[in-house]
Protein chains: 2
Amino acid sequence: MPSQTRSRTSAADDSRDPRERILLAAGREFAERGYEAATVRDICTAAGANVAAVNYYFGDKQRLYIESVKHAHEARLRQVPQPEWAPGTPAAQKLRDFVGSMLDRMLGGDQPPWQVRLMMRELLQPTEACRELVEDYIRPHFGILLGVLDELTGSALPGSEVRRLGLSIIGQCFLYRAAGDVVAMLVPAGEIDAYHTPQAIADHVTRFTLAAIGAAEPFARPGLGTVSALESPR
Amino acid sequence: MPSQTRSRTSAADDSRDPRERILLAAGREFAERGYEAATVRDICTAAGANVAAVNYYFGDKQRLYIESVKHAHEARLRQVPQPEWAPGTPAAQKLRDFVGSMLDRMLGGDQPPWQVRLMMRELLQPTEACRELVEDYIRPHFGILLGVLDELTGSALPGSEVRRLGLSIIGQCFLYRAAGDVVAMLVPAGEIDAYHTPQAIADHVTRFTLAAIGAAEPFARPGLGTVSALESPR
DNA sequence: AATCGATTCAAACGAGCGTTTGAATCCGTC
DNA sequence: GACGGATTCAAACGCTCGTTTGAATCGATT
């Protein structure tokens, strides 16, 4: 008899280890449908394994979920390492690199988006796997960003302020990942391809941030005042 | 026999109309657990109604879901109308008002957060109810923001640029709503209450945006250059 | 070739789900 | 007070889910 009807999903599925195959299929399924809606039957079918394999290898569905989140997270870390900067790299360049790689990681087409989608679910509605994800993955990245911002502002700002700057940057990128469908509804049809690619967004976010910090020219020089103070023209 | 064991949830539940009660309970349940995990039995128990009431009034679970999303959306529109500005109000003031009311709507404690949470689910993983939500609720608000930004920049920027500015502002606020739990993990414990209240965030986002546009002082005046320039230490 | 633990399998179990049913109850109308 | 439609109810139906079971199969070791 044939070993199994495989070749159900992508090419990476003929991994020798069935445990690995199930983890992959589970990640995809959980990412696409969510924890409740995903069924172990569908996962096992996609992995070319028997229904009982989940319980044999992972105990139960919940542990499979946690393992698949970790697995996707580790795969992502391997795929997109943080950029290394030569000493003397301008801080503005570092910021552009950081934002660009973050957006690539979130939206980039060179890797399947389901891994990020799975992690996104965790961030939006934290379960058990979330804290681990934050400590291992998010916080170190956030720390790098804070370092760049601190350098960029000449260490003139208190930590709390730098953190808020960092969150402002992440928020701008995050919107495209989390609510990309809605963004696509809000801007004219042809504009997405021209002005909302990862590259274009990275340029915009970097320029926006540099201008706010005072390390680049502002977007406009309107004659309209602030709330109470007045601005000094060039 | 007693009419029913009510008083299960909040005070607004003794609405005379059972249909209304079910809609309210369904909104809360769907917001908290998601569509799949929420059960009509729990919803009906919370609403003080019989299980069959859902099918009697709404046909099936999916139609109940769509109705509850619409219901939450309409209630929100009634609760938080867009601020009106007297003629001559400075654009910077309008921006602050807009951001503040958006954050209040998203995070504010004066109204139950489950309505926004329910709508958030729709934005993140659009279903049938999403397009309607965008057209009726999101797009008009976005239009107001674009108007303020256009005024703020003296109509000097093309529409595509203004839209990206608008998305940058929304993204900064959106992060706190969608990933608030993670934000709380990333900043020191005591800092949330001091620097990440709706008021404080609104001030920060407004200042950040005004600085980027050139309508306020930048956050720092570092000697650090842009990408091509070089930085000079303090 | 026999052995034995590891793995795979088809089949079934029990629970919980959304939904249906048909009778009971309510309530305005005549 | 009898009628009749609207509403409520307890009970059950059919289905799918996660999980379990016990036998069949595999593969290295003796």
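The values are calculated or read from the model by the stated rules, or taken from the named source; none is laboratory data. All values reported here derive from a predicted model rather than from experimental measurement. Every residue, glycine as well, gets a Cβ built from its backbone with ideal geometry; the counts of neighbours run over all protein chains shown.
For residues in region B:68-106 being under 20 Å from B:LEU133 (Cα atoms) and acidic (Asp, Glu), which is nearest to the other protein chains (Cβ to nearest Cβ)?
Residue satisfying both the conditions and the ranking: B:ASP104.
Quick one: in region B:185-202, of everything that is surrounded by 14 or more Cβ atoms within 10 Å (Cβ to Cβ) and among the aliphatic types (A, V, I, L, M), which residue is modelled with the lowest pLDDT?
Among those residues, the one meeting the criterion is B:ILE192.
Any residue at all in region B:66-86 that's within 16 Å of DNA strand D (Cβ to nearest atom) and outside any loop (DSSP other than H, G, I, E, B)?
yes
In region B:165-189, how many are outside any helix (DSSP H, G or I), closer than 19 Å to B:MET102 by Cα and more than 7 Å from chain A (Cβ to nearest Cβ)?
0
Provide a single number: the residues in region B:47-66 that are on the phi > 0 side of the Ramachandran plot and within 8 Å of DNA strand C (Cβ to nearest atom).
Residues that pass the stated criteria total 1.
For residues in region B:14-34 being under 15 Å from B:TRP114 (Cα atoms) and surrounded by fewer than 19 Cβ atoms within 10 Å (Cβ to Cβ), which is farthest from DNA strand D (Cβ to nearest atom)?
B:GLU32
Of these, A:VAL40, A:VAL134, A:VAL69, which one is among the β-branched types (Val, Ile, Thr), within 16 Å of DNA strand C (Cβ to nearest atom) and surrounded by 17 or more Cβ atoms within 10 Å (Cβ to Cβ)?
Answer to the selection: A:VAL40.
Does region A:25-37 hold any residues that are more than 15 Å from DNA strand C (Cβ to nearest atom) and among the hydroxyl-bearing types (Ser, Thr, Tyr), and which are they?
Within region A:25-37, no residue meets the criteria.
Can you name the condition, by its number, that B:GLY34 falls short on among (1) more than 24 Å from B:GLU122 (Cβ to Cβ); (2) at pLDDT below 95?
Of (1) more than 24 Å from B:GLU122 (Cβ to Cβ); (2) at pLDDT below 95, only one is false for B:GLY34: (1).
Return yes when A:THR89 is of a type in the set (Ser, Thr, Tyr), more than 16 Å from DNA strand C (Cβ to nearest atom) and at pLDDT 90 or above and no when it is not.
In short, yes.
For region A:36-49, give me each residue that is more than 6 Å from DNA strand D (Cβ to nearest atom), out of contact with any Pro (no Cβ under 9 Å at 6 or more places or on another chain) and farther than 29 Å from A:ILE138 by Cβ.
A:ASP42, A:CYS44, A:THR45
Go through region A:120-158 and give me each residue that's modelled with pLDDT under 90 and closer than 16 Å to A:ALA91 by Cα.
none
Within the set of pairs 6 or more residues apart or between chains, which connect a residue that is without any contact (Cβ under 8 Å) to a residue 60 or more places away in the chain and farther than 14 Å from A:LEU23 by Cβ inside region A:41-59 to a residue that is more than 8 Å from DNA strand D (Cβ to nearest atom) and acidic (Asp, Glu) with Cβ atoms less than 7 Å apart?
A:ASP42/A:GLU29
Within region A:118-164, restricting attention to residues that are more than 9 Å from chain B (Cβ to nearest Cβ) and among the hydroxyl-bearing types (Ser, Thr, Tyr), which residue is nearest to A:ALA215 (Cα to Cα)?
A:TYR137
Exactly one of these conditions fails for B:PRO112: (1) more than 23 Å from A:PHE174 (Cα to Cα); (2) at pLDDT 85 or above. Give me its number.
All conditions pass for B:PRO112, except number (2).
Take A:VAL69 and tell me if it is in contact with a helix residue (DSSP H, G or I) (Cβ under 7 Å, 6 or more places away or on another chain) and under 19 Å from A:TYR35 (Cα atoms).
Yes; evaluated as a whole, the condition is true for this residue.
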